[in-house]
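Before any comments, here is the structure.
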Amino acid sequence: MFAWRVGTDYPLVVAANRDERLDRPSDTIAVLQEADPRVLGGRDLLAGGTWLAVNEHGVVAGLTNRPSPGGRDPSKRSRGELPLMIARRRTAEEGVAEVVRMVEPDQYNPAWLLVADRQSLFAIELDVGRGPVLRSLEPGIHVLENVALTEASPKVDRIGALLAEAGASGSSLWASLPSVLSDHVLPDLVDGRWGDEQGTARPLATLAACVHTEEYGTRSAALIRVPEDPAGRPEVRVADGPPCGTAFVDAVPYWDL
């Protein structure tokens, strides 16, 4: 979830769960680049890269995978390279320009990204057979899961409803995010599965905000808010486990490690 320019003292607020196989090794938070700029984020210890990165200037890049009926092609490059590529730039605009200029989508499995800073918010779609598709987004709350932003999603609908109940502005938004990320309510589906526009059937359990299955689920969570002052570094909090049972801890000290 990226809340951009929604009337708070923080022009950008981000909340994200990382859903992944339970046996895939990772670091919930790490220094991904030491300087120029300094970048924090999770680290995938299997394929490298990250699913969510934030730099000292307030650029945030988050990635979700587009499910494919045939599964992930292991011969392709890690999608986790992309958020880090963007966060190495001083602005979101420079980061997305780098992706458009340098990335060949056929080299990666399909994915979507949200990228923002104080000044800009973008969505990027990567799919085989065409260049990166870039869209500039309007102020508001944008929820990205494993479907495109323009597609129907019961998961997105549920999260949007929870944010609306909490009051999606000011301090109430920030305070409500841990409970939103911890939500276990599932949509009422007749056959227990839901299919997106790509024809990929998904188990019902994966449609909760906080996912729990035997082999796959919510591994960690992150909260980020970027202050209005350009000299202020982003506030980062992480839960090293599913947020329904794991406390968020302050990751701000990583800026100075």
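So what are the three principal axis dimensions of the range 114-181 from its Cα atoms, in whole Å, longest to shortest?
Computed over the Cα atoms, the extents are 42, 30, 17 Å.
Helix-only mean residue ellipticity at 222 nm, the chain, DSSP H runs n ≥ 4 weighted -39,500 (n - 2.57), per residue, nearest 500. What is it?
Roughly -5000 deg cm²/dmol at 222 nm, from the helical runs in the chain.
Using the crude model of +1 on Lys and Arg Cβ and -1 on Asp and Glu Cβ, and no other charge, please compute the dipole size for the chain relative to its Cα centre, in debye to 20.
With only Lys, Arg, Asp and Glu charged at Cβ, the dipole is about 260 debye.
What share of Cα pairs, in percent, lie more than 17 angstrom apart in the range 1-144?
Summing the P(r) tail past 17 Å for the range 1-144 gives 58 percent.
Each label point is 7 Å from the Cα along the Cα-to-Cβ direction; what then is the distance between the points at HIS212 and ARG130, in nm?
Taking the two extended label points, one gets 4.0 nm.
Note down the relative contact order for the range 120-171 as a percent, whole number, built from C-alpha pairs under 8 angstrom at least six residues apart.
That works out to 23 percent.
Just going by the charge dipole of the range 33-147, with Lys and Arg at +1 and Asp and Glu at -1 on Cβ, which of PRO74, VAL147, GLY58 is farthest out on the positive end?
Most positive-ward Cα: PRO74.
Using a Förster distance of 41 angstrom, determine the FRET efficiency expected from the C-beta separation of ASP36 and ASP188, and round it to 0.05.
Step by step, r from the Cβ atoms, then E = 0.25.
Running Debye on the chain with equal point scatterers at the Cα sites and no solvent, what base-10 log of I(q)/I(0) appears at q = 0.11, 0.17 Å⁻¹?
-0.54, -1.47
For the range 59-152, take the convex hull of the Cα atoms, compute a quarter of its surface area, and give me that in nm², please.
6.0
Tell me, what HN-Hα J-couplings in whole Hz come from the Karplus equation 6.51 cos²θ - 1.76 cosθ + 1.60 at θ = phi - 60° for each residue of the range 252-257, using x for Gly and Pro?
Result, ordered by residue: 4, x, 5, 5, 10, 5 Hz.
Could you check which residue among ALA164, ALA61, ALA208 shows the biggest mean-square fluctuation in a GNM of the chain with a 10 Å Cα cutoff?
For the chain, modelled as a Gaussian network with Cα springs under 10 Å, the answer is ALA164.
Any read-out appearing in this document is the output of simple, stated calculations on the displayed coordinates, not a laboratory observation. Nothing here was measured: the structure is a model prediction, and the numbers come from that model. Reconstructed Cβ throughout: ideal geometry from the backbone, glycine too, with neighbour counts over all protein chains shown.
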